[in-house]
Structure formats: C-alpha cells, structure tokens
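To start, the structure under review is shown below, and the notes come after it.
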Amino acid sequence: MITVIPDVPENVAAFKATGEISTKDFENLVFPHVKAKVNTFDELNYLFLLDTDLDQFTAGAWFQDALLGLKNITKWNRAAIVTDNNSVQNFTAIFSVIMPGEFRFFPIEDLENALFWCANGDEVND
C-alpha cells in the first residue's frame, strides 16, 4: 500500500510504500496528489519512502511508477528515494542520468534530511 506522508513541506509530494504495492495505489493516490502539486508549484519535488521489499511491487505498479516520470517529465525538480535497499540505490543512480531534475538516494535513517533536501535543494539539514 502507498500512503501520503503527512506533515511534510507543502512543496513536496511525499509517499511511503509498505506491504504489497499495486497499480491502484498509483492511480488512486499518487497520480492525483502529484498532479495537484505540479498544478500548484509548477514543478515536482517528490519523496518516495520504500519500506517494503521490491518483490511486493506488482509488475503493473512498476510500470505505473515509470509512467509517473513520463507524464511530468518536464516538471521534475527534485526526487528523493528513501530506502535501505541497495538495488534501488543503483536504479536511482541510473534513472537520474536520463531524467531532468535532481535525484538522490537516502537511507531510511536520513528521512528528515531527505525531506529537507527535497523541499529546499542543495542544503541538507544536518
């Protein structure tokens, strides 16, 4: 399931993934929330906390996640991927080369810094 992370900076679309993730999570929650942020701020600052195993994502959910990037490709500003999974860290590094905007990986223990960076840019709240 994907949920919105509450109490984050207003200019950040922040989500947490736990348990099994499906396309419905993206269709019913992520896409509308992201669209509202882009409409309000004309850019996308996105944080995704992955607190589940990668095998919990259905193939369709990964495809929907990729479509999110394509739908707002010119609006990406900053994206923080927060997880302790090294495979996701490697994927984030590759993905950041082909997408506009800045993409960074943060371990789960640095969630607060990831949120600060996502909202503010290069400054990281130590």
Would you check if F57 is open to solvent by less than 30 Å² (accessible area, probe 1.4 Å), at pLDDT below 85 and aromatic (F, W, Y)? yes
When region 12-28 is checked residue by residue, the ones that are open to solvent by less than 40 Å² (accessible area, probe 1.4 Å), under 17 Å from L44 (Cα atoms) and not small (G, A, S) are V12, F15, F26
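The values are calculated or read from the model by the stated rules, or taken from the named source; none is laboratory data. For clarity, every value in this text was computed on a predicted model and none was experimentally measured. In case anyone asks, the SASA skips ligands and DNA or RNA and just uses the protein heavy atoms, side chains included. Shrake-Rupley method; radii C 1.70, N 1.55, O 1.52, S 1.80 Å.
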